[in-house]
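The values are calculated or read from the model by the stated rules, or taken from the named source; none is laboratory data. Not measured: the values here are computed from a predicted model. Cβ coordinates were reconstructed from backbone atoms using ideal geometry, including for glycine residues, and neighbour counts include every protein chain displayed.
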């Protein structure tokens, strides 16, 4: 092959690689979309208790790691987690869960989930194999009956 042929082959390979990495998901970490919602009905809750928080995922996932921490702790090297679960093989496939639920197949690191403080911002970070996702949320107070 001539020098011009080798240059043309190298150019085609470079453009093919650029296309694969720029316009496909090859080489990117898959993202998990998380929907956070509160259930406004908590008849047994005290006025300063948080409303139940529900997390919904974009599709069924086998979670391998789950952490909930205050936003003030996110940048720390070893953040204090309000809820920390892990699994080597992954949890049973789930499409959603409530804060503090026992997820089958996952073990708690550091005990059970701590009580959320209404008005404090938190971040949920989850992993499912290579896929990752995070969502910020602020629990609201139950309010209780008016007196």
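Data for the structure
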quantity: Test: residue in the range 37-55 that is under 13 Å from the mean Cα position of the chain (by Cα), under 20 Å from residue 107 (Cα atoms) and crowded, with 18+ Cβ neighbours inside 10 Å; calculated: yes
quantity: From the options 99, 19, residue that is surrounded by 10 or more Cβ atoms within 10 Å (Cβ to Cβ), more than 17 Å from residue 137 (Cβ to Cβ) and without any contact (Cβ under 8 Å) to a residue 60 or more places away in the chain; calculated: 19
quantity: Criterion (under 11 Å from residue 131 (Cβ atoms), touching a strand residue (DSSP E or B) at 6+ places or on another chain (Cβ under 9 Å) and assigned to a loop (DSSP other than H, G, I, E, B)) met by exactly one of 63, 57; calculated: 63
quantity: Any hit, the range 44-54, residues being free of Cβ contacts under 8 Å to residues at least 40 places away in the same chain and under 17 Å from residue 99 (Cβ atoms); calculated: yes
quantity: Residue 35 vs. criteria in a loop (DSSP other than H, G, I, E, B) and either within 20 Å of residue 135 (Cβ to Cβ) or at pLDDT 90 or above (or both); calculated: no
quantity: Residues of the range 76-96 that turn out to be closer than 12 Å to residue 61 by Cβ and surrounded by 15 or more Cβ atoms within 10 Å (Cβ to Cβ), as a count; calculated: 4
